[in-house]
1. Can you return the lysines within cross-link range of Lys230? Criterion is Cα-Cα under 16 Å, with same-chain partners fewer than 8 residues away left out.
2. Could you tell me which helices of the chain pass both thresholds, a Cα extent of 27 Å or more along their own axis and a mean Kyte-Doolittle hydropathy of at least 0.0, with helices taken as whole DSSP H runs?
3. In nanometres, what is the gap between the two model label sites at Lys33 and Met1, each 7 Å from Cα along Cα-to-Cβ?
4. Can you order the peptides 174-186, 268-280 by their average number of other Cβ atoms within 10 Å per residue, highest first?
5. Counting Lys +1, Arg +1, Asp -1, Glu -1, what net charge surrounds Asn138 among other residues with beta carbon under 13 Å of its beta carbon?
6. Rg to Rh for the chain: what is it, with Cα atoms only and Rh by Kirkwood?
7. Among His233, His294, His137, which comes first, second and so on when ranked by fewest other beta-carbon atoms within 10 Å?
8. To the nearest 500 deg cm²/dmol, what mean residue ellipticity at 222 nm is calculated for the chain from DSSP H runs of n ≥ 4 alone, each contributing -39,500 (n - 2.57), summed and divided by the residues?
Amino acid sequence: MDYQAIGQDALARIAAADTLEAVEALRIEFLGKQGSVSALLKTLGALSPEERQTTGPKIHALREGVTEALAAAKAALEGAALEARLAAETIDLTLPAPEAPRGSVHPVSQVMDELAEIFADMGFAVATGPEIEDDWHNFTALNMPESHPARAMHDTFYLPDVTPPDADGNTREMVLRTHTSPVQIRTMLAASGDGGEPVRIIAPGRVYRSDSDATHTPMFHQVEGLVIDKGIHLGHLKWTLETVLKAFFERDDIVLRLRPSYFPFTEPSVEVDTGYSWVDGRRVVGGSGDAPGHSWMELLGSGMVNRHVLEAGGFDPDQWQGFAFGVGVDRLAMLKYGMNDLRAFFDGDVRWLRHYGFSALDVPTLSAGVGVAA
Ligand code: PHE
């Protein structure tokens, strides 16, 4: 057999192949299991040792030549394809990069951060307490004994658990805290030892009530405020709230009206109203509620800390006085940023968040999200 002729013919066909598919087809035709060169190799076994000595090297040389030619043809075609792609595809470095998805700060977190910042400038620290509270901290210590009617007003979520028994074997019922006021008690107990030290804190966080409609959600947010010192009076409360609200709403014409009210834990108690008017279908805080086109709106509850509460917190009420307030964060956010449905705050709709949320990169965040229970 003329191995040289077979070889030349194979090499010529490989050289003529102009696609990778064609090269692959030739590889199968020559070197595949049923391939012609493979078939020649198989004939070696049937030859006499002398014939094998002369024919063997020729067939092996033939296979090697074909293998190398196939690899070279493949490499050449791949190289050409890459060159063609590089020539066709140009990268425009001036095009804007696709934007990566970015989260945003929820308006509730934003408002808590703003308040923490404003109060921090006035020397207030941020205090926290548990969201699962016992009824002594949530009610009893706040001057709401067991059968007190104000307990009923709170629409409390009771939990099946009770606290471990104390030295006298008494247990306390566990509730989801209905307000941030139990943090007052925890803070006072921590500060009242050794005769006591002044307290100036705010306590932002989640609170829970069994209540749901357009203006009430079962979970909402409050910021509690507490100041304990000697010689504290209602004037300090009014000045503090006025100063904070001017900073928060970023306007100087905030006018407050203190209206007598009732909370078991403060005496006297005052409901704080602010003047507002309607501008383009939105409530805008500012001015006196008695001015033309203006009205009063209830903003928060507050008062002087009741002496029973000071005592529960370990302070001597004949030496120490204090004021406290509690304000709805969701409400403040709605007023400042113009949302009108409270429920949307908790729907987790990203379109709403994109619209009302805040860039995490533009604002410093102090609370790192909604108040964490200690
Ligand atoms: N805890 C009250 C509430 O949830 C608000 C409040 C706090 C009132 C502190 C007076 C003093 O409605």
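What follows is calculated from the coordinates using simple rules that are stated; it is not laboratory data. Fair warning: this is a prediction, and the values are worked out from it, not measured in the lab. When we count neighbours, we look across all protein chains shown, and the Cβ atoms used for this are built from the backbone with ideal geometry, even at glycine.
1. none
2. Qualifying helices: none.
3. Rounded to a tenth, the inter-label distance reads 2.0 nm.
4. The densest-packed peptide leads the list: 174-186, 268-280.
5. Result for the local shell: -3.
6. Radius of gyration over Kirkwood radius for the chain works out to 1.50.
7. The order, fewest Cβ neighbours first, is His233, His294, His137.
8. Mean residue ellipticity at 222 nm (helix-derived): -12000 deg cm²/dmol.
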